[in-house]
Each structure stands twice: as C-alpha cells, then as structure tokens.
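Trainee: Quick one: the structure is below, questions incoming.
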C-alpha cells in the first residue's frame, strides 16, 4: 500500500489560506500513516486483514474530512461542515479503534522508546477505559458547545482555532468510543452500560440535529450555503437532518452491537471485539 499523501502533489493538500509548512494536519496524518506502515513491516505476524482494512477506512475518512474534498465542501456549505464533524466524532474514531493500530505504532518506535512509552500507554489505556461516563459527558459537551451559534461563528473566523476544534472533536471521539469498546474487554465495566451511553448519545445528538432542522430562522447566518443550490436555511435544515438521522443510526448500530456483546458475555463469558 502506498501512502496517498506521499504520492499526491503536496501543495494541493494545503487548505484555506495556510501553506504546506503551516498545515500541520497534513503532516500529522502523513506521519500517522507512515508509522503504521513501518509497524506493519516490522510485525512478525500481520494483524487480521479485516483490521488492516478498518485502519485504511478510518484513516482514509479522517484524511478526506480534514484535508480532502469534504474539507473544501465544509467551507462552502453547512451540510458539508456537519458531514465533516460526524466523521471526526462518530466514523473515524470507532474504525481506527477497532483496527487496533497501537501494536504497529509501538513497533515503529526504537526499542528504548518502546520501553518508556509502553507502561505510560498502558496506564492511559486502562485509565481512559475506566471513565465511560466522564468520556460521555466530555464528548457531549464538546458537541453542544461548538454547535452553539456564537462559538461556531468564532471558530469559523479563526482557522487555527478551527483546526484545534477538529482535533478536540476527534480526541473526545476517540475517548468516548474507546470507553464504550474497552471496559468489557478489560474487566472494568459492562458492555450493557456502554450500550446505554451510546443510546443517550444518539438521543442528545438527535435533539441537536432536530433543533437545527426545525429552527425557523438561521442559527449560523455567516456560514455560506453552497450545496445543490440550497439557500442558507435549507442548507441548515439538511445539516441538522444529517446529524439527526445518519448520525443517529451510527450510535444506534453501536448500541445494538454492544447489547449483543453484553448478551454474549452473559451466556458464554466471552465478549471480544
């Protein structure tokens, strides 16, 4: 597999008014892919093919959303912006976590660095897995805070802060999804309670999407509407509908999967993901 970022013309990957050197998202994504590939090469035994596929899908959707065509769409349309946010919050994080790329990243490090990073990373893994309610609250707070009209408009006007909010979306998304997936495996919680948190997330994100869909006036009047000739209000309604329905389906599917794992643990004692 050849990293797409390393074969495409690099200047084309810079977005907005930022040049290539200042667009740190490009370099972060390129290094993350390179590290994974180095780890794969050094593996004594390759992970299952489906895990590699999940990593490619997760990394690919993340790249497309922050430096690819979805990012360009997000600058021109509120609907595109919402698609970008849902990828960062609910698509890329679970795909990457289910791919389990950490062994590959560890192998990409020098031996001395592995010995130092390994214990710390283990503490992070177990610590974050043990706080599902905190992760749920942080995830929800970030979603609601940055979709309020004033913070949303402020972020639009400052590109560096905009990039930082994307990192925050993705980071809390990783924490939230890890806290759903990991506790049952690590013996720190239950897939049943994780399913409840997924349902609650579906409910509150659906509520936010519904508010955007049925709002009688513009909530984000400064955001352009460049999708299929829609005016601003129609674009806002479609953006809300996207968060409400496709976004809700993601959390609903997660809740059903976690419920199935919980039932499996109750009957067989096994709940590996």
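The values are calculated or read from the model by the stated rules, or taken from the named source; none is laboratory data. The model shown is predicted, which means the values in this text are computed figures rather than measured ones. So basically every Cβ, Gly included, is an ideal-geometry build from the backbone, and we count neighbours across all protein chains shown.
Trainee: I'm trying to understand the selection: among the residues of region 213-246, which are in contact (Cβ under 8 Å) with a residue 40 or more places away in the chain, under 30 Å from residue 258 (Cα atoms) and buried (at least 18 other Cβ atoms within 10 Å of the Cβ)?
Mentor: Correct list: 238, 239, 240, 242, 243.
Trainee: Filtering region 33-71 down to residues that are surrounded by 14 or more Cβ atoms within 10 Å (Cβ to Cβ) and part of a loop (DSSP other than H, G, I, E, B), which residue is nearest to the chain's Cα centre (by Cα)?
Mentor: Just the residues of region 33-71 that are surrounded by 14 or more Cβ atoms within 10 Å (Cβ to Cβ), to begin with: 33-40, 47, 51-52, 54-68, 70-71.
Adding the requirement that they be part of a loop (DSSP other than H, G, I, E, B) leaves 47, 68.
On the way: 47: 22, 68: 15 Å.
Within region 33-71, the match that is nearest to the chain's Cα centre (by Cα) is 68.
Trainee: Quick one: what pairs do we get from region 34-46, first residue on the phi < 0 side of the Ramachandran plot, second surrounded by 13 or more Cβ atoms within 10 Å (Cβ to Cβ) and part of a loop (DSSP other than H, G, I, E, B), C-beta under 6 Å, 6+ apart or different chains?
Mentor: Once the first residue is on the phi < 0 side of the Ramachandran plot and sits in region 34-46, its partners that are surrounded by 13 or more Cβ atoms within 10 Å (Cβ to Cβ) and part of a loop (DSSP other than H, G, I, E, B) give 36/101.
Trainee: I'd like to know if region 127-136 contains one or more residues that are under 16 Å from the mean Cα position of the chain (by Cα) and modelled with pLDDT of 90 or more.
Mentor: yes
Trainee: OK, next. Go through (1) buried (at least 18 other Cβ atoms within 10 Å of the Cβ); (2) not in a helix (DSSP H, G or I) one by one and return the number of the condition residue 74 breaks.
Mentor: (2)
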